[in-house]
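Colleague: Below is the structure I would like to discuss, written out as structure tokens.
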Amino acid sequence: MFAWIAALLCLSLTAAEIKSTGVGFVKGMAVTSREVQIQNLLETALYSKEPKSQLRLLPLDSKAFAKVVQDSLLETAIALEADSFNVVQVTAEEVAAAEKRALAQVRDAVAWKGLKVTHKELVRGLTRKLQAKKFVQFRAQSSVLPVTDAEAQKYFNENRLKFGDLPYENFKENIKSYLGRTQVDRRLKDWYEVLLNKYQVKNLIAEI
């Protein structure tokens, strides 16, 4: 049943180091496990507060790897969408700065050395990541709508037990901030679903 998937797999000589395993498609373009591992290491190096010990290859049969596969596929779709709209730009200076920060973290990591990432791959991966994050930020900012006093009061009344005996005015601004973030998160989630369909994202790991 999965013969066509198996045909995409290109394994190294040892099971411990899988160089290029097909894990998904974005608009007909194959995405490999190696690309996902690279993107995950860059994500960890640039944006995670976890210690350097987290800079490791993820087992392909783990839930953690399945999650980063989906994250990487979505990131690719977002970057493609950003290209089509051309509303955010990533400069060479931004990529160079990100490269410097990332390499400071990953350069000595065994996982990174094992992947033998070329400079071209590094620049391409960083550009895509920065572009996707900028576009998500742009979409989030454009999705912000002011929360009315009536909406905040309604939330307070419907969740009265959470607030004890203190009056609504004590929580008004915090409630508005919370509802605003919740609305943005919901709109972004809906947008992600649209992109997954638009760019025909297929996660092979989820199907095996």
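The values are calculated or read from the model by the stated rules, or taken from the named source; none is laboratory data. Only a predicted model underlies this, so the values are computations on that prediction, with no experimental measurement involved. Here Cβ is always computed from backbone atoms with ideal geometry, including for glycine, and neighbour counts include all displayed protein chains.
Colleague: If residue 35 passes every condition in (1) under 20 Å from the mean Cα position of the chain (by Cα); (2) over 15 Å from residue 132 (Cβ atoms); (3) at pLDDT 95 or above; (4) of a type in the set (Asp, Glu) but one, which one does it miss?
Modeller: With respect to (1) under 20 Å from the mean Cα position of the chain (by Cα); (2) over 15 Å from residue 132 (Cβ atoms); (3) at pLDDT 95 or above; (4) of a type in the set (Asp, Glu), residue 35 is out only on (2).
Colleague: Would it be correct to say that residue 90 is touching a residue at least 12 places away in the same chain (Cβ under 8 Å) and surrounded by 17 or more Cβ atoms within 10 Å (Cβ to Cβ)?
Modeller: yes
Colleague: Looking at 83, 108 in this structure, which one is part of a loop (DSSP other than H, G, I, E, B) and acidic (Asp, Glu)? Can you show your working first?
Modeller: Working: 83 fails: part of a loop (DSSP other than H, G, I, E, B).
Of the residues listed, the single one that is part of a loop (DSSP other than H, G, I, E, B) and acidic (Asp, Glu) is 108.
Colleague: Considering each residue of the range 167-208, count those that are surrounded by 11 or more Cβ atoms within 10 Å (Cβ to Cβ) and not in a helix (DSSP H, G or I), and give that number.
Modeller: 8
Colleague: A further question on this structure: Suppose we filter 98, 109 for residues that are over 28 Å from residue 200 (Cβ atoms), of a type in the set (Gly, Ala, Ser) and more than 20 Å from the chain's Cα centre (by Cα); which single one remains?
Modeller: Only one candidate passes the filter, namely 109.
Colleague: Let me ask something else. Take the conditions surrounded by 11 or more Cβ atoms within 10 Å (Cβ to Cβ) and at pLDDT 95 or above and apply them to residue 136. Does it pass?
Modeller: yes
Colleague: Kindly indicate which of 128, 124 is closer than 30 Å to residue 32 by Cβ, under 17 Å from the mean Cα position of the chain (by Cα) and without any contact (Cβ under 8 Å) to a residue 40 or more places away in the chain. If you could, list the steps in order and put the result at the bottom.
Modeller: Values: 128 fails: without any contact (Cβ under 8 Å) to a residue 40 or more places away in the chain.
The conditions single out 124.
Colleague: What are the pairs with Cβ atoms under 7 angstrom where one residue, in the range 163-184, is touching a residue at least 40 places away in the same chain (Cβ under 8 Å) and the other, located anywhere, is assigned to a helix (DSSP H, G or I)? Sequence gap at least six, or different chains.
Modeller: That search, which allows pairs on different chains as well, returns 184/140.
Colleague: Return the residue satisfying two criteria in turn: it lies in the range 34-78 and is out of contact with any Phe, Trp or Tyr (no Cβ under 7 Å at 6 or more places or on another chain), surrounded by fewer than 14 Cβ atoms within 10 Å (Cβ to Cβ) and not small (Gly, Ala, Ser), and of such residues it is nearest to residue 194 (Cα to Cα).
Modeller: 67
Colleague: Oh, and also: Against the conditions (1) more than 17 Å from the chain's Cα centre (by Cα); (2) surrounded by 17 or more Cβ atoms within 10 Å (Cβ to Cβ); (3) over 23 Å from residue 42 (Cα atoms); (4) in contact (Cβ under 8 Å) with a residue 60 or more places away in the chain, where does residue 152 fall short? Just the number, please.
Modeller: Residue 152 satisfies every listed condition except (4).
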